[in-house]
Each structure stands twice: as structure tokens, then as C-alpha cells.
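K.L.:
Below you will find the structure I want to go over with you.
The values are calculated or read from the model by the stated rules, or taken from the named source; none is laboratory data. The structure presented is a predicted model; accordingly, all values stated were derived computationally and were not measured. For neighbour counting, all protein chains shown are included, and Cβ atoms are generated from backbone atoms with ideal geometry for every residue, glycine included.
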Amino acid sequence: MELVITGRVIDAMEAHRIGLVNEIVPKGQSARALELANLIAELPQPGIHADKEAAVRGFGETLRDGLRIEATCFKRSIFNLQRSRDSVGSMNAAIPIAGVAGGTGHL
């Protein structure tokens, strides 16, 4: 919030130090950003949307309320994934679920 209010400009190292960015890559090397974008695009989008919603809605909440919000978003995402799969007739496809057994689980 301090950066938003003050408009203070920071460099990449400071942004990384305070957790504003996850990685720093050499200037002009956008391959990592494209790699990450492609990885995210391949994931089930209802799950991505639910994760994002849970993080935003749960920020600042108690652990109990945060877990309740996360469970609600997860249930909705599974319903949306199932409905999407039913509509295209691909019920036998495995859907990767992030965070299950180290990120290697399937539904």
C-alpha cells in the first residue's frame, strides 16, 4: 500500500525482496515469462479462477474463514470443471489438481 500511496519507484531487486515479484530474469529474456504463461494457460481455468478468488477474498481473514472461503471456491471450481467435461464428453480425462501430493494429483 505504501508504494501505491507514495508512488515511490523501486528497482527489480527491491521488488523481489519485498515479495512484489517472484523471479528476476536478465533484461531482454522474456522466455521465462512466456514459459510461465503457457504453463498457467494449460491448467484448468475454473481452478485458476477459484484459486485467485480464494486468495483475494481470504486475504486478511482468520484461518478458519480463509479455509471456508477456499473450500467454497474449490467446490464451485470442481462443479464447473465437471460441467465443462460433461459438455464435451471427455469424462475419462484426468484433471491435474495443484497442491495434491506435491502438485502431482489427478481428479
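K.L.:
In the stretch 1-64, which helices (runs of 4 or more DSSP H) lie fully inside it and hold 3 or more residues that are surrounded by 12 or more Cβ atoms within 10 Å (Cβ to Cβ)?
P.N.:
Qualifying helices (runs of 4 or more DSSP H): 12-17, 45-58.
K.L.:
Something else: Would you be able to say whether some residue in the stretch 31-54 is acidic (Asp, Glu), closer than 24 Å to His16 by Cβ and under 14 Å from the mean Cα position of the chain (by Cα)?
P.N.:
Within the stretch 31-54, the first condition is being acidic (Asp, Glu), and the residues that meet it are 35, 42, 51, 53.
Pick out the ones that are also closer than 24 Å to His16 by Cβ and you get 35, 51.
Restricting the remaining residues to those that are under 14 Å from the mean Cα position of the chain (by Cα) gives 51.
Yes.
K.L.:
List every residue pair whose Cβ atoms sit under 8 Å apart, with the two residues 6 or more apart in sequence or on different chains, where the first one lies in the stretch 40-55 and is without any contact (Cβ under 8 Å) to a residue 40 or more places away in the chain and the second, anywhere, is assigned to a helix (DSSP H, G or I) and of a type in the set (Phe, Trp, Tyr).
P.N.:
Note: pairs meeting the criteria are Ala50/Phe74; Ala54/Phe74.
K.L.:
From (1) modelled with pLDDT under 90; (2) surrounded by 11 or more Cβ atoms within 10 Å (Cβ to Cβ); (3) not small (Gly, Ala, Ser), pick out the condition that doesn't hold for Asp86.
P.N.:
Among (1) modelled with pLDDT under 90; (2) surrounded by 11 or more Cβ atoms within 10 Å (Cβ to Cβ); (3) not small (Gly, Ala, Ser), the lone unmet condition for Asp86 is (2).
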